[in-house]
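Every number in this text was worked out from the coordinates using simple rules, so none of it is lab data. These figures come from a predicted structure and were not determined experimentally. When we count neighbours, we look across all protein chains shown, and the Cβ atoms used for this are built from the backbone with ideal geometry, even at glycine.
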Amino acid sequence: MAVIQTADTVPGAGRRRGLDVRSLAASYSTIAIFVVLVLVASFISTSFLSSRNIENVLRQVAGTGVISMGMLLVILTGGIDLSVGSVAALGSITCASLLTSMSLWSAVPISLLAGAALGTISGYFVAVRRMPSFVVTLACMTIARGIALIVSEGRPIFMGDNGAWLNDGFNRGSILGIPLPVALMLLVFGVTAFVLRLTAYGRLIVAIGSNGEAVRLSGVRVTPRVFSVYVISGVLSALAGIIITARSGVGSPVVGIGMELDVIAAVVIGGASLMGGRGTALNTLIGVLTLGVIGNIMNLLNVPGYHQEVVKGVIILVAVLLQSSVWPRRA
Amino acid sequence: MPDEQHRPDRGMTAADAAPARMDVEMIGISKLFGGVRALDDVSFRVRAGEVHALLGENGAGKSTLMKILAGAHQATGGVIRIGGVQMAISSPHVSRALGIGIIYQELALAADLTVAENIFLGEMSGLVNPRTLRARARRLLDELGFAIDPGALVGSLPLAFQQAVEIAKAMSRQVRMLILDEPTAVLAPPEVERLLDVVRGLSRRGVSVVYISHRLDEIFRIADQITVLKDGRTVGTYPIGDMDERRLISLMVGREASQLFPKVDRRKGEELLRVEKLCAAGFVRDVSFSLHAGEVLGIAGLIGSGRTEVARAIFGADRPDSGTIQVAGRRVTIRTPRQGVAAGIGLVPEDRKGQGLVLALPIRQNMTFTTLARFTNALGMLRRRAERNAAEDVARRTTIRARNLDLPVSSLSGGNQQKVVLAKWLDAGCRIVILDEPTRGVDVGARSEIYQLIETMAASGLGVIVISSDLLEVIGASDRLLVMSGGRIAGSLERADYSEARIMEMALRSAAHVGANHSQPVLTEA
């Protein structure tokens with residue numbers, strides 16, 4: 001008996017150590033890539049580390065940062081949300097057009113509800129009807145964009161006086177020296193990190209993405225939890241749309257075109273697995289910042305816009321390659 | 001075989017080395033999975049052109065042995081000789097090149113492709129002319145005596161024909177030894193006849209056939225030789241003429257009852273569970289039984305006899321087709337696992353890694369999925385210390401051996417992983433616990449601890465159902481036994497009347513005639 005047990009535990013022990021090293025390397029590889037990038041950037045351009053430039057980068061990523069937390073939840077369950085950019089546009093247009101006739105305190109909540117509504121559609125078809133999230137959110141992506149274009153008649157909408165605070169108070173304002181849009185992104189990040197680490201909901205989201213059937217067979221209701229992540233993603237997308245609107249002062253139906261790809265890239269650079277069950281809020285935030293810094297360096301170096309796209313794609317590939325080569329392969 | 005089936009550069013050197021006469025000898029084969037010895041010094045010889053039946057209980061090692069021949073597993077020890085030449089079958093590719101074909105129970109066909117495309121799938125490259133492909137397929141099918149349209153979609157064919165397509169696919173590769181793993185399990189009687197004819201035809205052409213089946217009548221009609229395995233060892237090889245059914249069953253069973261099972265004197269309490277006329281999964285019919293507090297009810301039967309389907313339907317993992325369930329005298333509706341848990345039922349599923357555990361997550365978290373609400377405050381926050389204490393307590397009671405409960409559950413041995421799945425239900429308020437294959441892939445030491453746990457649960461007044469393919473396990477652990485066959489309860493035995501031979505007879509004998517009802521289940525694509 002003793003012999004059998006030794007034989008049985010020894011390979012297990014080896015595997016365990018291997019796994020630890022790998023996951024350690026993976027969680028640091030996200031940070032390592034980011035640090036290297038920042039170092040390279042500060043060598044290349046003296047203005048990179050200026051507080052003005054840093055603030056600029058942070059402001060630019062505030063929208064993606066907010067959306068990425070919703071996307072992280074969706075991806076943790078093993079799904080994907082392609083509708084985020086369009087829902088951001090819907091949020092932007094809803095908010096701006098409501099502000100022409102309503103107060104800020106009505107317009108913003110209603111815009112967030114619009115995002116929630118789109119998320120509810122996605123959540124229903126994915127969680128209840130068991131349709132693939134890729135297809136469902138692809139449909140919602142064109143629906144949301146379409147509604148935004150219909151409502152705005154394809155034109156930008158100025159926020160008017162009711163929205164003045166968004167542009168002045170919120171966008172220009174700061175708390176403890178942190179611009180409010182950035183502070184909002186950090187708040188969303190903090191809440192997501194808290195939920196994932198310390199609540200039953202967060203633990204179950206991760207577990208469902210890792211092995212939903214085992215969770216279901218423990219008597220846990222899986223459907224409402226999967227449903228909820230799409231609603232959260234919808235709300236956060238609309239919120240991001242409002243942040244972007246505050247920045248420009250104009251609601252636009254073309255906000256967030258291609259944004260879903262940036263957000264997914266950020267989550268993946270942050271080491272999350274598209275198969276679900278793996279990913280953290282902190283690494284996702286670093287993924288967002290990594291993408292932001294890449295764009296910023298190229299701007300500082302006056303790399304033409306078209307070239308930037310190519311470089312960005314290459315860097316995403318390299319970053320994810322580093323990630324995937326340190327993750328253990330799973331059948 | 002026609003000339004055009006000659007394939008360039010695929011056979012490698014192994015094909016050139018393959019001898020003309022395909023005698024296959026496996027000598028002293030052993031195989032370890034982790035710490036579990038699946039095969040121990042097994043010898044198995046098949047002469048060219050013979051039909052050789054391989055028999056044994058579930059878990060005796062038949063499939064493992066055949067997977068070694070097919071290159072899907074590598075033997076831990078032993079020698080394989082083919083035509084007297086020693087060979088290392090290091091991969092499925094080598095096995096194929098040597099002329100060995102295997103057809104698993106789950107057919108590996110592409111349902112949306114035609115018969116011809118499926119047959120030649122492996123060698124299709126570049127431009128494929130559908131007409132030539134079809135013509136070649138027709139010639140091959142004619143040669144084998146199958147009246148199948150090569151242009152038909154495989155998914156539209158009855159199962160027997162699909163199996164015939166698999167055989168044709170193997171024959172298209174000049175197979176000289178064909179392994180059939182329970183080929184008739186899903187076939188209706190007329191289809192079985194057709195398959196037996198095909199096997200005889202193959203044998204006449206000099207192809208040796210290894211035939212794994214639980215249907216003894218088929219074996220007596222078709223086999224030349226019989227090899228019996230038991231507990232991963234060879235019992236012996238016998239010419240069919242020296243054998244009769246009774247003797248064969250006695251060779252397959254009759255192991256030493258071990259000391260693994262605690263001696264028990266249980267007191268039966270009130271009725272906890274009453275299942276009436278349960279129908280499930282399309283083929284489980286009219287299953288009725290009851291379970292009392294403090295009782296361990298065993299369910300025996302072959303794989304595919306409907307045991308697991310019954311368990312899943314009671315727990316709510318799948319929706320039953322019809323039937324009623326009463327828990328402690330109250331009629332309950334169970335459509336989801338959550339309702340099952342609410343009714344006081346827990347399930348330890350047969351597939352530990354796929355259904356029992358979230359492998360990547362810590363041991364502690366895996367133990368508390370069932371009780372998480374208890375460790376959650378009004379804000380949804382986890383009270384980690386309370387959770388940790390509870391998990392440590394349960395780990396002690398279930399004798400889980402782990403350095404640290406925060407390690408991923410995948411770091412544990414099979415036995416300890418299984419204890420974690422059991423531990424989930426210990427404090428979940430269950431009155432009925434169903435264990436499906438509780439010791440599959442579990443080493444001997446952990447086994448006896450799991451039996452002890454089952455005993456403890458029963459002693460504390462729970463009703464326990466143990467489902468197992470291991471006869472000794474159900475016999476040793478249970479007070480009463482149901483034997484399932486072909487989706488029905490074939491019989492029940494009280495502890496005093498237990499005998500392995502009787503159980504095997506119930507499980508096997510009725511399989512043949514109940515099989516007809518079982519012929520139409522939807523084929524799950526492998």
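Let me understand the stretch A:113-153 better: what is its radius of gyration from the alpha carbons, and its Dmax, in angstrom?
10.8, 34
What percentages, rounded to whole numbers, describe P(r) for the stretch B:3-252 computed over all alpha carbon pairs with 10 Å bin width beginning at zero?
In order of increasing distance, the bins hold 7, 31, 36, 21, 5, 0 percent.
Dividing the convex hull volume of the alpha carbon atoms of chain B by its residue count, what do you get in Å³ per residue?
165
Along the charge dipole of chain B, pointing to its positive end and built from +1/-1 on Cβ of Lys, Arg, Asp and Glu, which listed residue (B:HIS73, B:THR227, B:ILE249) has its Cα farthest out?
B:HIS73
To the nearest whole number, what is the average tally of beta carbon atoms from other chains within 10 Å of the beta carbons of peptide A:177-184? Display every interim value, and only then the final one.
Values: counts 0, 0, 0, 0, 0, 0, 0, 0.
Other-chain Cβ atoms within 10 Å of each residue's Cβ, averaged: 0.
On a 0 to 90 degree scale, rounded to 10, what angle separates helix A:180-198 from the longest Cα axis of chain A?
Helix A:180-198 sits at roughly 30 degrees to that axis.
So for B:HIS93, A:HIS307, B:HIS73, fewest C-beta neighbours within 10 Å to most, what's the order?
A:HIS307, B:HIS93, B:HIS73
Which of B:ASP217, B:ASP470 has the fewest other C-beta atoms within 10 Å, and how do the rest follow up to the most?
Lowest count first: B:ASP217, B:ASP470.
Going by alpha carbons, how many degrees (0 to 90, nearest 10) lie between the helix axis of B:444-459 and the longest principal axis of chain B?
Here the helix axis deviates by roughly 40 degrees.
Compute, for the stretch B:3-252, the length of the dipole vector about the Cα centre, with Cβ point charges of +1 (Lys, Arg) and -1 (Asp, Glu) only. Units Debye, rounded to 20.
On the way: 29 positive and 30 negative charges, 92 e Å.
Computed charge dipole of the stretch B:3-252: roughly 440 debye.
Using helices alone, I'd like the mean residue ellipticity at 222 nm for chain A: each DSSP H run of four-plus residues gives -39500 (n - 2.57), total over residue count, nearest 500.
When only DSSP H runs of four or more count, the value is -25500 deg cm²/dmol.
Which one, A:THR245, A:LEU90, A:LEU166, projects farthest toward the positive side of the charge dipole computed for the protein assembly as shown from Cβ point charges (K/R +1, D/E -1)?
After comparing all options, I get A:LEU166.
Would you calculate, for chain B, the mean residue ellipticity at 222 nm contributed by helices, counting each DSSP H stretch of 4 or more residues as -39,500 (n - 2.57) and dividing by all residues, to the nearest 500?
-9500 deg cm²/dmol
Residue by residue through A:276-282, how many Cβ atoms from other chains fall within 10 Å of the Cβ on average?
Across A:276-282, the average partner-chain Cβ count within 10 Å equals 1.
So for the stretch B:353-428, what percent of the C-alpha to C-alpha distances run longer than 19 Å?
27
Pairs of Cα atoms under 8 Å, at least six residues apart: use those to get the relative contact order of chain B, whole percent.
Values: 1037 pairs, mean separation 85.2, N = 526.
Value for chain B: 16 percent.
Around A:ARG59, what is the net charge, scoring Lys/Arg as +1 and Asp/Glu as -1 over all other residues with Cβ under 13 Å from its Cβ? Could you put the intermediate results ahead of the total?
On the way: positive: A:ARG52, A:ARG172, A:ARG247; negative: A:GLU55.
Around A:ARG59, the surrounding residues sum to +2.
Considering only DSSP beta bridges whose two residues both sit in chain B, what percent are antiparallel, to the nearest 5?
Percent antiparallel among DSSP bridges in chain B is about 55.
So what is log10(I(q)/I(0)) for chain A at q = 0.06, 0.09, 0.12 1/Å, when the Debye sum runs over its Cα atoms only?
Normalising to I(0) and taking log10 leaves -0.23, -0.50, -0.85.
Counting other beta carbons within 10 Å of each Cβ, put A:THR245, A:THR77, B:THR398 in order, fewest first. Provide the component values of the computation, followed by the final result.
Details: A:THR245 31, A:THR77 27, B:THR398 23.
Ranking A:THR245, A:THR77, B:THR398 by Cβ neighbours within 10 Å, fewest first, gives B:THR398, A:THR77, A:THR245.
Cα-based Rg of the stretch B:412-451 per 2.2 N^0.38 Å, rounded to two decimals?
For the stretch B:412-451, the normalised Cα radius of gyration comes out at 1.15.
To the nearest 20 debye, what charge dipole does chain A have about its Cα centre, counting +1 at the Cβ of each Lys and Arg and -1 at the Cβ of each Asp and Glu?
Dipole of chain A, to the nearest 20 debye: 840 debye.
May I ask for the distance between the Cα centers of the stretch A:37-87 and the stretch B:112-169, given as a whole number of Å?
Result: 54 Å between the Cα centres.
Work out the length of the dipole vector of the protein assembly as shown about its Cα centre, built from +1 on the beta-carbon of each Lys and Arg and -1 on the beta-carbon of each Asp and Glu, and round it to the nearest 20 debye.
Numbers: 87 positive and 71 negative charges, 319 e Å.
Computed charge dipole of the protein assembly as shown: roughly 1540 debye.
Kirkwood Rh over Cα pairs of the stretch A:199-277 into Stokes-Einstein at 10 °C, 1.306 mPa s: D in µm²/s? Provide the component values of the computation, followed by the final result.
Details: Rh = 14.7 Å.
The estimated diffusion coefficient comes to 108 µm²/s.
Would you work out the relative contact order for the stretch B:56-107, in percent, from Cα pairs under 8 angstrom that are 6 or more residues apart?
33
Just from the alpha-carbon atoms, what are the Rg and Dmax of the stretch A:198-331 in angstroms?
Here Rg and the maximum Cα pair distance are 17.8, 57 Å.
Out of the DSSP beta bridges found with both residues in the protein assembly as shown, what percent are antiparallel (nearest 5)?
60
How large is the translational diffusion coefficient of the stretch B:130-230 in µm² per second when you combine the Kirkwood radius over alpha carbon pairs with Stokes-Einstein at 37 °C and 0.692 mPa s?
It diffuses with D of about 228 µm²/s by this estimate.
What Kirkwood radius, in Å to one decimal, follows from the Cα pairs of the stretch A:110-207?
16.8
What whole-number distance in Å separates the alpha-carbon centres of the stretch A:122-195 and the stretch B:404-444?
Comparing the Cα centres of the stretch A:122-195 and the stretch B:404-444, I get a distance of 44 Å.
Calculate the mean, over all residues of peptide B:411-419, of how many other protein chain Cβ atoms lie within 10 angstrom of the residue's Cβ.
Averaged over the peptide's residues, the number is 4.
If I fit a long axis through the Cα atoms of helix B:384-397 and take the longest principal axis of the Cα atoms of chain B, what angle between them do I get, 0 to 90°, rounded to 10?
70
For the pairs B:LYS31/B:LYS67; B:LYS277/B:LYS353; B:LYS31/B:LYS230; B:LYS268/B:LYS419; B:LYS62/B:LYS353; B:LYS62/B:LYS230, note any where the Cα-Cα span goes beyond 20 Å.
Beyond 20 Å between Cα atoms: B:LYS277/B:LYS353; B:LYS268/B:LYS419; B:LYS62/B:LYS353.
What are the radius of gyration and Dmax of the protein assembly as shown, computed over its Cα atoms and given in Å?
Both quantities, over Cα of the protein assembly as shown: 31.7, 100 Å.
Within 10 Å, Cβ to Cβ, of B:ARG335, how many net charges do the neighbouring residues add up to if Lys/Arg are +1 and Asp/Glu are -1?
Net charge in that neighbourhood comes out at +1.
Which one of B:ALA280, B:TYR238, B:ILE212 is farthest out on the positive end of the charge dipole of the protein assembly as shown, using unit charges on Cβ (Lys, Arg +1; Asp, Glu -1) and the Cα centre as origin?
B:ALA280
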